[in-house]
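Values quoted throughout were computed directly from the atomic coordinates according to the rules given, and no laboratory measurement underlies them. Note that the structure is a prediction, hence the values are computed from the model and not measured. Here the Cβ positions follow ideal geometry from the backbone for every residue, glycine too, while neighbour counts run over all protein chains shown.
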Amino acid sequence: MAYRQFNNQSLHDRVISTARSYLNQKDYDIYENPGGNKNAGIGDNYPDIIMTTKGTTTVEFIIEVETADSINLAEATNQWKKYANEITATFYILVPSNYKNVASNLCSQVGISARLGTFQQDSFGNITNINFD
């Protein structure tokens with residue numbers, strides 16, 4: 001889990017909650033691990049969002065939410081790489097829209113394959129425009 005300033009931890013957790021409404025809840029069971037919670041895990045890994053095929057334990061997707069202060073080489077090396085190498089599922093990293101290129105470059109730098117999703121925050125603090133490429 002990344003170290004975040006209080007405001008960014010709150011943003012992180014709101015993105016997790018909002019992302020759920022953008023995801024396919026008809027075909028998948030969705031589990032969330034906001035903050036330091038360990039509600040659902042895969043071995044000793046606790047990605048922010050885990051999606052399994054409905055009614056099974058087959059993990060199809062994992063999503064790790066990042067805020068501007070957690071998109072860095074340490075996070076890419078210590079967490080993203082671990083998830084990419086240890087979990088057999090499509091791995092998404094959900095980042096602020098203006099950090100997509102930074103996240104992509106970090107993935108290349110540490111040698112991992114991940115899909116990137118983006119989100120925006122409006123002037124009222126609402127999470128908007130969640131996009132999974």
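Under the rule of at least 5 residues apart or a separate chain, name every residue whose amide H is placed under 5 Å from the amide H of residue 93.
Those lying under 5 Å, H to H, from residue 93 are 64, 115, 116, 117.
Please give me the summed charge of the neighbours of residue 116: other residues whose Cβ is under 13 Å from its Cβ, Lys and Arg +1, Asp and Glu -1.
Numbers: positive: 100, 115; negative: 64, 66, 133.
With Lys, Arg at +1 and Asp, Glu at -1, the net is -1.
Amide H neighbours of residue 28 under 5 Å, at least 5 residues apart or on other chains, H built in the peptide plane: list them.
Correct list: 54.
Would you please put 19-28, 111-120 in order of how densely packed they are, using the mean number of other Cβ atoms within 10 angstrom per residue and starting with the highest? If you can, show how the numbers build up before the last one.
Working: 19-28: 13.6, 111-120: 16.8.
So the peptides 19-28, 111-120, ranked by packing, come out 111-120, 19-28.
So how many Lys-Lys pairs in the range 6-132 land under 26 Å Cα to Cα, not counting same-chain pairs under 8 apart?
For the range 6-132, qualifying lysine pairs total 8.
Suppose only helical runs count, i.e. DSSP H with n ≥ 4. What mean residue ellipticity at 222 nm does that imply for the chain under -39500 (n - 2.57) per run, divided by all residues and rounded to the nearest 500 deg cm²/dmol?
Value at 222 nm, helices only: -8000 deg cm²/dmol.
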